[in-house]
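What follows is a single structure, written as structure tokens, with notes after it.
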């Protein structure tokens, strides 16, 4: 258990360092973007919000339901769910910065009665069996040291008939593994499953897979559009955080951009706990 907790502390530090500038570029969200093609004129925050909608729409949320946001980031996604669907959301994160940021957002938005954020390990959750109607995990499962364990834990806290939806990176075309290794090291990924391997992990935890898609070409495949959009915000972000801190942020993320566009996929999966 000590080894797992040490790993959690490392992931927490990773997001403490990454999130402040990362969310600045994305207006309160931290996950990937989605552009249809090079001519798509959506801004970076708009492209990021497309991923939010694509993943959360698969859950079919209903007013009054209780959602677990497993790896909630700086909180904007949970607030969107509460506003858009009238659901109660409990978010967990291992990042102290994200926790404070998310709680501040909820208070500023007047949504503290619907949205609750906690510091917590999604591999060992402090909730009774069947506590939630739905689970959302946006690019957070990939940091788990044991995918089987975290999926079984999320299965446990879902009620029978409850749904889980997640998005995560997946392994695309083979070749030049050193490029993929740099990508994984940058994001602190212990594994990078293929789409089929992701589905195998989900089914192995007891879930029935209901929907899945592989949209890597419109996500990682559009990394060039991200870089262009980020450069357009560079001076604004540098003015807030300083040139030195922005340069360090860029340096530690270089490995993210090393793989070819076809080497990194992006999987969206929705599954249900049988009744």
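Being crowded, with 17+ Cβ neighbours inside 10 Å, under 19 Å from the mean Cα position of the chain (by Cα) and over 30 Å from residue 185 (Cα atoms) is the requirement here; does residue 25 meet it? Steps first, please.
Details: crowded, with 17+ Cβ neighbours inside 10 Å: yes; under 19 Å from the mean Cα position of the chain (by Cα): yes; over 30 Å from residue 185 (Cα atoms): no.
In short, no.
Applying the condition of being assigned to a helix (DSSP H, G or I) and surrounded by fewer than 15 Cβ atoms within 10 Å (Cβ to Cβ) to the stretch 183-196 and asking which residue is nearest to the chain's Cα centre (by Cα) yields 185.
The lone criterion from (1) part of a helix (DSSP H, G or I); (2) touching a residue at least 40 places away in the same chain (Cβ under 8 Å); (3) more than 25 Å from residue 267 (Cβ to Cβ) left unmet by residue 99 is number (2).
For every residue, the table says whether it meets (1) touching a helix residue (DSSP H, G or I) at 6+ places or on another chain (Cβ under 6 Å); (2) farther than 16 Å from residue 72 by Cα; (3) surrounded by fewer than 17 Cβ atoms within 10 Å (Cβ to Cβ); (4) modelled with pLDDT under 95.
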| position | (1), (2), (3), (4) |
| --- | --- |
| 84 | no, yes, yes, no |
| 88 | no, no, no, no |
| 93 | yes, no, no, no |
| 99 | no, no, no, no |
| 110 | no, yes, yes, no |
| 115 | yes, no, no, no |
| 118 | no, no, yes, no |
| 132 | yes, no, no, no |
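Going through 17, 10, 3 one at a time, which residue ends up being surrounded by fewer than 20 Cβ atoms within 10 Å (Cβ to Cβ), touching a helix residue (DSSP H, G or I) at 6+ places or on another chain (Cβ under 9 Å) and at pLDDT below 95? Break it down stepwise before answering.
Details: 10 fails: touching a helix residue (DSSP H, G or I) at 6+ places or on another chain (Cβ under 9 Å); 3 fails: touching a helix residue (DSSP H, G or I) at 6+ places or on another chain (Cβ under 9 Å).
The unique qualifying residue is 17.
Any idea how many residues of the stretch 31-48 are in a helix (DSSP H, G or I) and surrounded by fewer than 22 Cβ atoms within 10 Å (Cβ to Cβ)?
Our first condition is that a residue be in a helix (DSSP H, G or I); within the stretch 31-48, this holds for 44-48.
Cutting the leftovers down to surrounded by fewer than 22 Cβ atoms within 10 Å (Cβ to Cβ) gives us 44-46.
Residues in the stretch 31-48 being in a helix (DSSP H, G or I) and surrounded by fewer than 22 Cβ atoms within 10 Å (Cβ to Cβ): 3 in total.
Note on the stretch 223-249: residues that are loosely packed, with under 13 Cβ neighbours inside 10 Å and within 28 Å of residue 180 (Cα to Cα) total 7.
From the list 148, 162, 104, pick out the single residue that is modelled with pLDDT of 95 or more, more than 18 Å from the chain's Cα centre (by Cα) and surrounded by fewer than 16 Cβ atoms within 10 Å (Cβ to Cβ). Within the list 148, 162, 104, the selection yields 104.
Pick from the stretch 208-225 the residues that are within 16 Å of residue 167 (Cα to Cα) and not in a helix (DSSP H, G or I): which of them is nearest to the chain's Cα centre (by Cα)?
Kept after step one, since they are within 16 Å of residue 167 (Cα to Cα), are these residues of the stretch 208-225: 209-221.
Filter once more, so that each one left must be not in a helix (DSSP H, G or I): 209-215, 219.
On the way: 209: 19, 210: 20, 211: 18, 212: 16, 213: 16, 214: 16, 215: 15, 219: 13 Å.
Checked the stretch 208-225; the qualifying residue nearest to the chain's Cα centre (by Cα) is 219.
Rundown of residues vs (1) touching a residue at least 40 places away in the same chain (Cβ under 8 Å); (2) under 28 Å from residue 64 (Cα atoms); (3) touching a strand residue (DSSP E or B) at 6+ places or on another chain (Cβ under 8 Å), yes/no style:
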| position | (1), (2), (3) |
| --- | --- |
| 123 | yes, yes, no |
| 130 | no, yes, yes |
| 154 | yes, yes, yes |
| 158 | yes, yes, yes |
| 191 | yes, no, no |
| 195 | yes, no, yes |
| 202 | yes, yes, yes |
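The values are calculated or read from the model by the stated rules, or taken from the named source; none is laboratory data. A quick note: this is a predicted structure, and the numbers were derived from the prediction, not measured. All Cβ positions, even for glycine, are placed from backbone atoms using ideal geometry, and neighbour counts span all protein chains on display.
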